[in-house]
Amino acid sequence: MSTTDTSEELLAYDEATERYDPVLGLEVHVELSTATKMFCGCPTVFGAEPNTQVCPTCLGLPGSLPVVNAVAVESAIRIGLALNCSIASWCRFARKNYFYPDMPKDYQVSQYDEPIATDGWIDVPATMDGQAHTVRVPIERAHLEEDTGKSLHVGGVTGRIHGAAYSLVDYNRAGIPLVEIVTRPIEGAGRWAPEFARAYVATLRDLVAGLGVSDVRMEQGSLRADVNLSLRPYGQQALGIRSETKNVNSLRSVERAVRYEVRRQAARLERGQRVVQETRHFHEDTGVTTPGRSKEQAEDYRYFPEPDLVPLAPDPAWVERLRAGLPEPPATRRARLAAAWGISTLEMDAVVHAGAVDLVEQTVAAGATPVAARRWWLGELARRANESGVGLAELGITPGQVARVVALVESASLPDSLARQVVAGVLDGEGEPEQVVVARGLSVVSDAVELTRVVDEALAQAPDVVAKIRAGKVAAAGAIVGAVMKSTAGRADAARVRELVLQRCAGAS
Ligand code: ZN
Ligand code: MN
């Protein structure tokens with residue numbers, strides 16, 4: 001099992017997708033943000049001391065009995081409804097038997113042939129060939145289950161089991177409720193399959209986040225994707241043999257894992273070899289996938305109905321109340337905002353991609369124009385967030401503050417260069433925009449007499465430029481404007497300075 005076969009041959013990506021049609025299938029596990037676990041009252045706080053959030057039930061001790069968490073059921077139904085699924089009027093839990101050291105009972109309580117939600121769809125916006133598309137992805141099912149604990153391998157270099165001196169198990173996560181969302185095969189993405197897989201997961205993440213049922217933090221594992229991929233020759237109906245890359249933990253990794261599998265499988269097919277049906281692991285560091293369990297070793301899970309839990313039969317009236325209380329679907333919201341802001345679908349995609357929809361919306365609500373709000377969040381602030389490696393929402397500036405900076409700019413009292421300094425001050429914790437302006441002495445030289453004095457000084461120092469302007473070369477005024485901006489440390493309104501320069505030159509002749 002210790003095959004770390006990283007020496008597999010790869011076909012060039014373009015060649016691979018010219019010859020073979022990729023088919024995707026995605027299984028996403030969403031950890032619900034309930035206060036307590038799926039079948040017991042243990043808390044679910046992330047990052048607690050190992051094995052401090054456990055009890056006989058989630059440790060699977062003999063004699064303990066599970067009780068279903070009603071909030072988890074409600075969350076699963078809301079996810080199902082948001083995915084346009086049918087909600088089962090009657091369903092039950094099943095035991096999925098397999099052995100994992102971090103799974104205390106040696107079976108997982110899940111749902112098998114009777115999931116709570118079936119047959120839905122989600123519209124996924126994706127940019128392919130430079131064009132904005134919306135692709136409807138069919139959802140096979142969404143079911144409830146419990147999470148496993150976590151193994152910690154100590155003493156090795158990589159943190160993996162191979163080479164470790166010993167392993168520790170933390171059962172805090174064991175029993176935390178999960179909803180697993182499974183697509184039907186996704187066909188037709190062609191060479192855009194990696195980007196499309198990423199767009200699907202991002203769209204699903206936003207949808208779940210909008211429901212407020214999970215914090216959807218991929219880096220903390222509260223949203224994890226299993227990526228199925230197979231290839232077939234173009235025109236063939238039957239699906240090829242797929243690999244399943246497990247627990248991919250970031251959007252970027254989803255894209256990379258698909259790209260790698262396309263190249264790896266295409267190389268095998270080109271050599272006349274079969275693709276092995278197996279689970280694989282994606283390695284963030286090297287960007288490759290390596291084999292996990294192969295079909296020969298695939299477990300027979302021996303599913304059977306969970307005898308310790310009664311079936312779930314959600315009251316139809318309850319389901320309808322939940323349906324009526326769903327938030328506006330993200331796709332509808334995006335279309336509405338794009339229309340309100342007067343921007344194209346592609347421009348809206350950029351806002352979505354930057355994770356700035358809420359921020360821009362709140363900045364506009366605080367009084368900024370959509371153009372200015374978008375320009376700040378996608379420009380200077382995105383650059384700053386990128387520099388310090390944090391998300392836009394984690395930057396130390398609120399939409400309200402950005403709106404006030406915009407107001408300062410638009411009241412013509414603050415040129416761009418100074419506005420950036422105000423933002424820098426707010427980000428550095430120097431207080432509100434207005435306080436930064438005062439503390440940093442950023443107020444603009446707007447006093448007409450003072451500005452005229454500075455302009456005259458600059459003109460006096462560049463008689464050759466003045467001569468050019470008077471000779472009709474108006475463009476030469478730029479040099480004077482530059483000199484004034486320099487002497488005022490950017491604290492002058494460039495347009496006003498230019499006006500003055502032309503005025504003074506004309507007036508003196
Ligand atoms: Zn417990
Ligand atoms: Mn699962």
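The values are calculated or read from the model by the stated rules, or taken from the named source; none is laboratory data. None of these values were measured; they are calculated from a predicted model. Cβ placement follows ideal geometry from the backbone for every residue including glycine, while neighbour counts extend to all protein chains displayed. Accessible surface areas use protein heavy atoms only, side chains included; no ligands, DNA or RNA. Shrake-Rupley method; radii C 1.70, N 1.55, O 1.52, S 1.80 Å.
Looking at region 344-436 from every direction and averaging, what is the projected area of its Cα convex hull in nm²?
Dividing the Cα hull surface by four gives the mean projection, 5.6 nm².
How much FRET efficiency would the formula 1/(1 + (r/R0)^6) give for residue 239 and residue 424, where r is the Cβ-Cβ distance and R0 is 60 Å, rounded to 0.05?
After rounding to 0.05, the efficiency reads 0.65.
Just the ratio, please: alpha-carbon radius of gyration of the chain over 2.2 N^0.38 Å, N its number of residues.
1.26
Once the whole set of protein chains is in place, how much accessible area is left on residue 107, using a 1.4 Å probe, in Å² to the nearest 10?
We get 40 Å² for residue 107.
Straight-line reach from residue 150: which lysines have a Cα under 24 Å away, not including same-chain ones fewer than 8 places off?
In chain and number order, the partners are 37, 96, 105, 246.
Among 28, 305, 426, whose Cα lies farthest out toward the positive end of the dipole of the chain, if unit charges sit on the beta carbon of Lys, Arg (+1) and Asp, Glu (-1)?
Of the candidates, 426 comes out farthest on the positive side.
Using the basic label-point model (7 angstrom from Cα toward the beta carbon), what is the residue 300 to residue 184 distance in nanometres?
3.0
Just how large is the dipole of region 396-473 about the Cα centre, in debye to the nearest 20, putting +1 at every Lys and Arg Cβ and -1 at every Asp and Glu Cβ?
Using only the charged Cβ atoms, the result is roughly 360 debye.
Just read off the accessible area of residue 417 with the full protein assembly in place, 1.4 Å probe, to the nearest 10 Å².
Surface accessible to solvent at residue 417 totals approximately 50 Å².
Accessible area per residue for region 354-439 in Å², computed with a 1.4 Å probe and the full protein assembly in place, what is it?
45
Name the residues of region 129-172 whose amide N is less than 15 Å from a point 7 angstrom out from the Cα of residue 55 along the C-beta direction?
Backbone N within reach: 172.
How large, in percent, is the carbon and sulfur part of the accessible surface of region 448-507 at a probe radius of 1.4 Å?
On the way: 1920 of 3330 Å².
Roughly 58 percent of what the probe reaches on region 448-507 is carbon or sulfur.
Using unit Cβ charges (K, R positive; D, E negative) and no other charged atoms, how large, in debye to the nearest 20, is the dipole of the chain about its Cα centre?
With Lys and Arg at +1 and Asp and Glu at -1, about 960 debye.
With the crude spin-label approximation of a point 7 Å out along Cα→Cβ, what separation in nm comes out for residue 121 versus residue 48?
4.3
Kindly provide the trypsin sites (Lys or Arg not before Pro) of region 437-481 that DSSP labels as loop, not H, G, I, E or B, and whose Cβ sees at most 12 other Cβ atoms within 10 Å.
Sparse-neighbourhood loop trypsin sites (Lys or Arg not before Pro): 473.
What whole-number value in Å² describes the accessible area per residue of region 197-254 for a 1.4 Å probe?
Details: 2180 Å² over 58 residues.
In whole numbers, region 197-254 has 38 Å² accessible per residue.
If you roll a 1.4 Å probe over region 354-439 with all protein chains in place, what percent of the accessible area is carbon or sulfur?
C and S atoms contribute 53 percent here.
Per residue, what accessible area does region 38-188 have, given a 1.4 Å probe and all protein chains present, in Å²?
Dividing the accessible area of region 38-188 by its residue count gives 45 Å².
Enumerate the amide H contacts of residue 147 below 5 Å, restricted to partners 5 or more residues apart or on another chain; note that Pro and chain-start residues carry no placed amide H.
Placed amide hydrogens put 175, 176, 178 under 5 Å from residue 147.
Any idea how far apart residue 388 and residue 371 come out in nm if each label point goes 7 Å out from Cα toward Cβ?
Distance between the two pseudo-spin positions: 2.9 nm.
Any idea which of 485, 475, 441 is furthest toward the positive side of the dipole for region 436-495, if Lys and Arg beta-carbons carry +1 and Asp and Glu beta-carbons -1?
Result: 475, furthest along the dipole toward the positive end.
Take residue 410, project a point 7 Å from its Cα along the Cβ direction, then tell me which residues of region 361-398 have their backbone nitrogen under 13 Å from it.
363-376
Residue 121's amide H: which non-local residues (gap 5+, or another chain) put their own amide H closer than 5 Å, with H modeled 1.01 Å from N in plane and none for Pro or chain starts?
84, 85, 139
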